[in-house]
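Let me begin by presenting the structure, written as structure tokens, before commenting on it.
The values are calculated or read from the model by the stated rules, or taken from the named source; none is laboratory data. Remember, it's a predicted structure, so these values are computed and weren't measured experimentally. Heads up, the Cβs are rebuilt from the backbone with ideal geometry, glycines too, and the neighbour counts pull from every protein chain shown. Note: areas computed on protein heavy atoms with side chains; ligands, DNA, RNA excluded. Shrake-Rupley method; radii C 1.70, N 1.55, O 1.52, S 1.80 Å.
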Amino acid sequence: MTRPSDDGMGGMEVLDHVEGRIAFLRAELKITDAQMPAWNGFADAFRARAKTLGDLRIAMMSQSGSETVLDQLTAQEKSLSARLDATRAIKTTLSDLVATFSDEQRKAADELLAPNLGMTPMRMQGGRMSSMQMQRGH
């Protein structure tokens, strides 16, 4: 699996195989029947985010390269706005879902969701690399 790109779009793998990722996360997080309404909201937001980012990827790849700097800034603004809206939707639904989690599920979510949402799982903690970074040799 590749790491997310610096442009914030996340690695392309984050956008691919959405239904498989959703099934994987549901199984690994051990979503219960009682949690299904919150899970379904999150899964729908996950799908919508993948579609939005996939559409942005296609639009960016189809640009002819002859755009003016103003056109490029307009496209960048549109991309950033769409990503922000998708991030807010994910955050809202994830907040609702996490509120239903056991401690074990919260721990699993912290480990599994960042890379599946296109976020870099590496964090600097108190000036030191997290154990995840050290394990991966970063």
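The table below gives the values:
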| quantity | calculated |
| --- | --- |
| Hz values of 3J(HN,Hα) by residue in the range 103-119 - Karplus curve (6.51, -1.76, 1.60), Gly and Pro given as x | 4, 5, 5, 4, 4, 4, 4, 4, 7, 8, 6, 3, x, 7, 9, x, 9 |
| FRET efficiency, 1/(1 + (r/R0)^6) with R0 41 Å, evaluated for Gln72 and Asp110 via beta carbons | 0.65 |
| With all protein chains modelled, accessible area of Ile31 [1.4 Å, Å²] | 20 Å² |
| Estimated vicinal HN-Hα couplings, Hz - the range 28-42 in sequence order (Karplus 6.51, -1.76, 1.60; Gly, Pro = x) | 5, 7, 6, 5, 8, 4, 5, 8, 4, x, 5, 4, 4, x, 5 |
| Leu113, Leu94, ranked by accessible area, largest first (probe 1.4 Å) | Leu94, Leu113 |
